[in-house]
1. So residue 65 ticks every box in (1) under 25 Å from residue 138 (Cα atoms); (2) surrounded by 12 or more Cβ atoms within 10 Å (Cβ to Cβ); (3) modelled with pLDDT of 85 or more but one. Which box is left unticked?
2. Checking residue 19 against (1) part of a helix (DSSP H, G or I); (2) at pLDDT below 80, which single condition isn't satisfied?
3. Could you run through segment 78-119 and say how many residues are surrounded by 19 or more Cβ atoms within 10 Å (Cβ to Cβ) and within 30 Å of residue 48 (Cβ to Cβ)?
4. Looking for something over 15 Å from the mean Cα position of the chain (by Cα), on the phi > 0 side of the Ramachandran plot, modelled with pLDDT under 70 and loosely packed, with under 15 Cβ neighbours inside 10 Å - is there at least one such residue anywhere in segment 27-49?
5. Here are some residues: 124, 86. Which one is at pLDDT 80 or above and in contact with a strand residue (DSSP E or B) (Cβ under 7 Å, 6 or more places away or on another chain)?
6. Has segment 130-148 got at least one residue that is surrounded by 10 or more Cβ atoms within 10 Å (Cβ to Cβ) and farther than 18 Å from residue 10 by Cβ?
């Protein structure tokens with residue numbers, strides 16, 4: 001059975017700070033991304049050094065490491081290592097076109113077990129894990145404001 005879900009990343013946090021460089025404490029301790037971070041940092045440093053004569057004083061000429069990119073690599077590793085995910089099919093996590101105030105992050109994978117009870121439990125475990133660690137990468141989930149949010153804002 002396929003597992004498709006989307007999580008909306010708060011666009012305002014990216015808009016205010018741009019695609020913020022990843023500031024992760026002890027990256028060597030984070031499963032699934034430690035090798036990626038080391039390779040990516042080396043590639044970025046080499047590219048920035050080789051393009052030094054272009055004008056690195058302009059931020060648009062810099063290659064940078066982003067929190068959303070590191071999150072994507074983490075989840076790719078997490079899903080590939082997850083015992084519920086089928087290794088026979090594609091497993092992808094990618095960003096979609098921005099919608100309103102959010103950037104949807106789509107996850108597509110295929111679960112091994114075809115029973116509905118196991119499917120629902122596996123899907124819930126994966127989704128809860130993704131929601132739980134989102135802020136650990138310096139990102140916020142987007143949620144439309146409720147009536148209580150407006151009441152709280154007006155009373156302050």
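The values are calculated or read from the model by the stated rules, or taken from the named source; none is laboratory data. Everything quoted here is computed from the prediction, not taken from an experiment. Cβ sites come from the backbone with ideal geometry, for glycine too, and all protein chains shown count toward neighbours.
1. Answer for residue 65: the failing condition is (3).
2. (1) is the only condition that residue 19 fails.
3. Counting residues in segment 78-119 that are surrounded by 19 or more Cβ atoms within 10 Å (Cβ to Cβ) and within 30 Å of residue 48 (Cβ to Cβ) gives 4.
4. No, there is no match, as no residue in segment 27-49 is over 15 Å from the mean Cα position of the chain (by Cα), on the phi > 0 side of the Ramachandran plot, modelled with pLDDT under 70 and loosely packed, with under 15 Cβ neighbours inside 10 Å.
5. Being at pLDDT 80 or above and in contact with a strand residue (DSSP E or B) (Cβ under 7 Å, 6 or more places away or on another chain) holds for just one of 124, 86, which is 86.
6. no
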